[in-house]
Every structure is written in C-alpha cells, then in structure tokens.
Amino acid sequence: MGYESPVAGNGAASSPGSPAVAEVDVAIIGAGISGIGMAAHMQMRCPDRSYAVLERRPRIGGTWDLFRYPGVRSDSDMHTLGFVFEPWKHEKSIADGPSILDYLNRIADERGIRRHIRFGRKVLTADWDSATARWTLVSETDDGARDVLVARFLYLGSGYYDYDQPYEAAIPGKEDFAGKLVHPQFWPADLDYAGKNVVVIGSGATAITVVPAMAREAAHVTMLQRTPTWCGIRPAKDGIANFLRRILPERTAYAITRWKNVRVQNIVFKRAREKPEQVKAFLTDKIKAALGDKFDAKAFTPPYDPWDQRLCLVPDGDLFDAIRAGKASVVTDHIDRIDATGIRLQSGEHIAADVIVTATGLKMNMAGNITVRVDGAEVDWSQHYYYKGCMFSNVPNLAAVFGYLNASWTLRADIDSEYVCKLLDTMKRRGADVATPVLAADHGMTDDNVYDFSSGYIQRARHLLPKSATDMRWRLNQDYVRDRAWMASDPIEDGVLHLTKATAQAAPALLEAAE
C-alpha cells in the first residue's frame, strides 16, 4: 500500500518496550466462500501483500461447515457458486455440502492458504484509527483468551447469517412436545429419525432440501407450510457441462458453462419480473408433470410472483418423487399450537410427529456481529450507503461481501475480491494509506430499495442493512452481468473514492482494547 509491510505473513510489528502485535496488510474475516476467495485473489493479484484469515470455527467452510442437516446442498449450480478461477470438477452441478467443503479445502491446500488461517478466533471488535490508518482487531478464543491483530485493510467475508442465533418462529406449545424438536442450523449428529413420523415446518430452501432427504429413512415426512414457495425443477447433473468437459480443456469447459448458466439465470429472473404469469404457468406445468395425480394447487401456488422471493431449486425433482412415493406430503395451514404428540392446526387437523424440524428461517446480521468503530464512533450500517457493492460511504479501508439475492453468492464475492485487489494496487502506486468513499450529508441522491424481496429473513433485517441509491456507485446492484462489466471498466479513482495518506506514523495496536 503506501509503504511496505514490516512483516511477511503473520509477523509482528512493535516498538521498543511494547508487546509484539501481529500486523498484516489485509485482515480477512471468515474462511468460507468469501474469505477463501479473497485469500486466493490476494495471492494471485497482490502477492507482495501480507494477509491473515480469522475464522471462528475450527475448520474451513463457513456456512457449509455450520449446516449439517440431511441432504444439505447448494441452492444454485456449482459452475456459478464455484470461483471464477477454480473449475468445478464434479459430475453433479447441484452439489452436496461435503463436496463443497472438499472444493474449498482443496483450494486452501493447493494454494497455500491454510497457513494464513487462524482458526478458533471470534472477532469481537474492529477499531479504525485515522491517524495511523490501521484497523485493530480484537478476537477471542474458545478458552476466553484475547488476541490482537493490526491491519491496514479489513475485508469482511463473514456472510450475513447469525451463526449463534437462528430465527425461531413464535409457535405456542414447543415446551409441551414429547418428541425431538430441532432447528436445521443446530442439527444433532445423533438424531435418529428412521421409521419415525417427521414434520418439517417451513417451505423455503432448507425445508425443500430436508424433506426428501429425511423421507428416505423416516416413516413419513410432512412439510407443513403457511405459504407455498415457487419451485423450479432442474437436473442435478449439467449435461452440457459434462459434455464440454469431455471435449475441451477443463478451464475452457468451465468458463463456457459458467457463462451459459449466468446468462440463463439472468434471463429467467428478468422474464419473471417482466412476464410473471408466463413464468408461473411454466413452473406450474413442470410441477404438475412431476406430481401427476398428487398435484395440489393449494400446496404449490404461492400468492406472490416468481422471484418476489428466491426461487427454490428441486434437483431431479426429488421432493416430488418423495410425494409421489407416499413418503412425503405437503400440508398448507396455520399452526394453532404444538402439543405432546404433534401439531394441531387452525383447521382442526392434528399431525402426529415424533420429530419436529423448525425450518422457519435464518437470522441476518451485518459484519458478523463484530462491533466496528471508526475513530471511536460505532458504525451504524443502516446509516451508510453501499459503494460499488462492497464498500460503504465514509468508512475507510473496509469492504464486505453481501451476495446476490437472485444469483449465486460467489458471483459477487469474485468481483468484490477483484475490485479490492485493484484498489490495493492503486493505493500502493499512489502512495496512499487510506481509501474512503466520501459522501456528503446533503448528497441529494434518491434512495432505491434493492431488497425488494418479500422473503421473511430479508424483511426482518431491513432495519440493519445499509442503504442503496439509484446511482450505480452507491448501490448493492442485483444484476451480475451488468455489475461485472461496470466494475471492470469503472476507474478506481472515480472522483468519489478519496485516496489519502495517514496523518501520523504507524504505531503498535491499542493494546488496552484487548484487556
């Protein structure tokens, strides 16, 4: 950046009489898709810069390590959920959780990223000091010990789910249930549901994944939904991708497939917004064909248009196969209360259950629940605007990944990583220590709601999320094809991003923050 790092890798910078404090050019929070992606981009594009990855869990994977429920899988194809720089080599395009973890671990090992990861570090606070142009991060280990890391730039790859608290719907009578009540986010490894009656409460991606997976061993699985969800049937294997892999070099085949899938997804999303009735008819016809005489319009006709909420993927129609086989069913009703033996509905029906799975949603947060302060003032994210989809108005040297709501998470993670690496190189070339997207209080911009999805997890978190405007520079845009072209062509020095030098010589970390 403005000067060479005093250390390489995980070294330390200190002054006489002060304890050694680790210092790096870039601190990356999270060793999931976003964090591993940024680390790989750093090594490819900024090999002369040091970095460290702080991961609260003992393993790589983030969300894919957290979720262990039956059937856990990607809800989009791995040619777009995979990284732009690393081909997906498995035959299945819709991949299970273990395969995704293998992919991430292989990248970390083959590229030497693992040695930069500090596992078991839950970051509590991140404090920016404008005088020295440094972030001071305080993390805590499982045994309560505190660590300090100083960084010139902070990259938040911690996702937007609260790892500690899922969303728990207020359902009366939970305490009365005599069976096992579980939430998918904290799935018990020893849960035995073989030959038992299971009720899965919910109709989102998790429920649609869990139901057919549990139906293989359970006596019967009932998906109990208040509101149906639009579902799209798609083959788990991408025939075109596998054909191209046989006749072309791996990377060429991957690039073509990725381009194809991005374009198809983009077309489907835009068609759903422009001609919703046409898309409704298409999706409904596919479900009717899959279910035959088991089709129930009430169960599969949502009261909203496709892509008003995220379209749920049903690979190979597995959910509908389970319904046709009599192993699963869908009930659309409201819960009156849970009792000792199951769930009583407002219609008066009672569903017997040995196991109840509350797939009622996830809870969102910002910055991984890290307290972020700039010169002592805590950042209220809801009062800041996104800048180029990854930085924030008037917050220096910080970027965060918030994946697409209508496409694969990694598409955004890739372009964010590329942008930050370009920014780091520009700062170094200009001799700058600080990069701040500056926005005046009287900016006069028109706000634009990019969170126009009716999904419960989005609506519940609206008060926490940063703002967006109609100006492309100040928004979390939801069009990857446009974003990629624009981010590649728009200059780093665009008249909005201010590049400046630190006002004081860099000093050791504020050690009192760790006390």
Answer check: the stretch 308-406, Cα atoms, Kirkwood Rh, Rg/Rh ratio of 1.18
Alpha-carbon radius of gyration plus Dmax, which is the widest Cα pair, for the stretch 185-301 in Å:
18.3, 48
For the stretch 242-374, what log10 I(q)/I(0) values come out of the Debye formula at q = 0.10, 0.20 1/Å, with one point per alpha carbon and no solvent?
-0.59, -1.24
Apply 1/(1 + (r/R0)^6) to the Cβ-Cβ distance of K174 and S347, taking R0 = 22 Å, and write down the FRET efficiency to the nearest 0.05.
0.65
One quarter of the convex hull surface, Cα atoms only: what value does that give for the stretch 221-272 in nm²?
5.6
Taking just the C-alpha trace of the chain, give me its Rg and Dmax in Å.
24.1, 79
Taking Cα atoms, the helix 409-430 axis meets the longest principal axis of the chain at an angle in degrees (rounded to 10) of 10
Between A289 and T446, what is 0.36 nm times their sequence separation minus the Cα-Cα distance? Round to one decimal in nm.
52.0 nm
Helical contribution to [θ] at 222 nm, DSSP H n ≥ 4, -39,500 (n - 2.57), averaged over the chain, rounded to 500:
-8500 deg cm²/dmol
Report for the chain the percent antiparallel among DSSP-assigned beta bridges with both residues inside it, nearest 5.
45
If contacts are Cα pairs under 8 angstrom and at least 6 residues apart, what is the relative contact order of the chain in percent?
21
Please sort by residue number the chymotrypsin sites (Phe, Trp or Tyr not before Pro) in the stretch 84-178 whose DSSP state is loop and whose Cβ has at most 16 other Cβ atoms within 10 Å.
F85
With D190 itself left out, Lys, Arg at +1 and Asp, Glu at -1 over residues whose Cβ is under 13 Å from its Cβ give +1
Treating the beta-carbon of each Lys and Arg as +1 and of each Asp and Glu as -1, no other charges, what is the dipole magnitude of the chain about its Cα centre, to the nearest 20 debye?
1440
For a quick protection proxy, order the peptides 37-43, 489-495, 345-351, 392-398 by their average other-Cβ count within 10 Å, most packed first.
37-43, 392-398, 345-351, 489-495
At 0.36 nm per residue, minus the direct Cα-Cα distance, what do E493 and A281 gain on full extension? Give it in nm, one decimal, please.
71.6 nm
Over the stretch 159-209, one equal point on each Cα, no solvent: what is log10 I(q)/I(0) by the Debye formula at q = 0.17, 0.31 Å⁻¹?
-0.69, -1.49
Positive-pole candidate from T80, L465, L362, dipole of the chain, charges at beta carbon:
T80
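Rule-based calculations on the coordinates, nothing more; no lab input. Computed from a predicted model, the values in this text were never measured in an experiment. Virtual Cβ from ideal backbone geometry, glycine too; neighbours counted across all protein chains shown.
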